[in-house]
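Have a look at the structure below before the remarks.
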Amino acid sequence: DFTLETDTSMARTDFSWLHKLGGGAKLDLKAGANFNGRRSDSHRLALAAGGAPVLDDLTRTASDETGFTSIGKYTTPIVEGHSLGAGWDLGTTTRDEDRNELIGRGGAAPVATSEDYRSKVNRVAVYAQDEWNVTPRWSVYAGARWEGIQTISSGNTFDTARSRTRVLSPLFHTLYKLPGIRGDQLRMALTRTYKAPATQSLIPRGFRSLNNSATEPDHLGNPDLKPELAYGLDLSYEHYWAPNALLSASVTAREIDDYTRNGLVLMPDARWANMPVNNGK
């Protein structure tokens, strides 16, 4: 018999501000904050054919996740047809989780365990680019972007795990407005981007299987998970068929290093676990 009761809460706020400066320059700022909370009680009860207790497991978990973001861009003309664009993209997400379990097996006295976890992902990106209007119909953005990601996972049942990665990438984006068709345009972008792991994927707590095997594994997080790093090519066609009405079609290709997938792993305690792992290219 299995029962589960869950209570969730969520809050989010966003702020944006655009300020025009002298000489055609402008500053665009955005900021946001979010909160997600979850409380759950689960009860697993297993009885033998004669009614004798085999398992009586009560688990209570509580998790709180908070996140903050800040995005800014400064743009100013430099010479005719050229503008300098520079900005930043900052973010931090922290997840705290408590797990308390009272488990009894085979009628024995129940054993209590208490586990505390924290995972944190910090992300910093800065960039600068030349925004060039080659012709009235054709514009090109070219520059460079530096991005770094730091992950930290800690708890009372494992050693603290830290990971810090960084990359410097070129930026290239071009836009062409099709002649003879009002509002239709083509975009192309070459990118090199990071994708940070979700905070819950970094916490090694999880669901323990009653009959652990390769086909019924535990489900765990991975505190050593690395960000994904990808080269990308984006192509899109945009058609404004009415005022404020846009139809677009796009195609994207990505080549990903440290690709993340769920993998089946035999743990040091000889238990099978399904957990997120980095799987090469």
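The values are calculated or read from the model by the stated rules, or taken from the named source; none is laboratory data. A quick note: this is a predicted structure, and the numbers were derived from the prediction, not measured. Virtual Cβ from ideal backbone geometry, glycine too; neighbours counted across all protein chains shown. Accessible surface areas use protein heavy atoms only, side chains included; no ligands, DNA or RNA. Shrake-Rupley method; radii C 1.70, N 1.55, O 1.52, S 1.80 Å.
Descriptive notes on the structure:
- Remark: the chain carries 60 Å² of accessible area per residue (probe radius 1.4 Å; ligands, DNA and RNA excluded).
- Once backbone amide H atoms are built at 1.01 Å from N, T260 has N279 as its partners under 5 Å, excluding neighbours fewer than 5 places away on the same chain.
- Potential lengthening of the chain between H19 and N211 amounts to 63.0 nm, from the contour at 0.36 nm per residue minus the alpha-carbon distance.
- Rg/Rh for segment 16-55 stands at 1.79; both radii use Cα atoms, and Rh follows the Kirkwood definition.
- Segments 27-33, 50-56 sorted - mean Cβ within 10 Å per residue, highest first: 27-33, 50-56
- Computed with every protein chain present, the accessible area of S209 is close to 20 Å² [probe 1.4 Å].
- For segment 125-190, the spread of Cα positions along the three principal axes, ordered from largest to smallest, is 66, 21, 13 Å.
- For a label point 7 Å along the Cα-to-beta-carbon line of D234, residues of segment 242-281 with backbone N under 19 Å: 246-257
- Only protein heavy atoms count here; under a 1.4 Å probe, Y141 has an accessible surface of about 70 Å².
- Residue separation of L266 and M188 scaled by 0.36 nm, minus their Cα-Cα distance, works out to 23.7 nm of gained length.
- Share of carbon and sulfur in the accessible area of the chain stands at 56%, probe radius 1.4 Å.
- For segment 211-281 and segment 164-206, distance of Cα centres in Å: 15
- With the simple model of a label 7 Å out from the Cα in the direction of the Cβ, R39 to L168 spans 5.0 nm.
- 3J(HN,Hα) along segment 217-222, derived from phi through the Karplus expression 6.51 cos²θ - 1.76 cosθ + 1.60 where θ = phi - 60°, amounts to x, 5, 10, 10, x, 9 Hz, with x in place of Gly and Pro.
- Remark: accessible surface ordering of W138, W272, W241 (largest first) is W241, W138, W272, probe radius 1.4 Å.
- Applying both filters, DSSP loop and at most 11 other Cβ atoms within 10 Å, to the GluC sites (Glu not before Pro) of segment 71-172 gives E80.
- Total charge dipole magnitude, the chain, about the Cα centre, Cβ charges on Lys, Arg, Asp, Glu only, Debye to nearest 20: 880
- Largest accessible area first, the listed residues K73, K26 line up as K26, K73 when surface is computed with a 1.4 Å probe on the assembled protein chains.
- Each residue of segment 76-81 is assigned a 3J(HN,Hα), and the resulting list reads 8, x, 10, 9, 4, x Hz, derived from the Karplus form 6.51 cos²θ - 1.76 cosθ + 1.60 (θ = phi - 60°), x at Gly and Pro.
- Whole-angstrom Cα spans of segment 151-281 along principal axes, big to small: 68, 33, 25
- Label-point separation in nm, T3 to I78, each point 7 Å along Cα→Cβ: 6.7
- A Cβ-based charge dipole, computed about the Cα centre of segment 94-253 with Lys and Arg at +1 and Asp and Glu at -1, lands at about 380 debye.
- Gyration tensor verdict on the chain (Cα atoms; rounded if a/c is under 1.5, prolate if a/b is larger than b/c, oblate otherwise): prolate
- Multiplying the residue separation of R118 and K195 by 0.36 nm and removing their Cα-Cα distance gives an extension gain of 25.7 nm.
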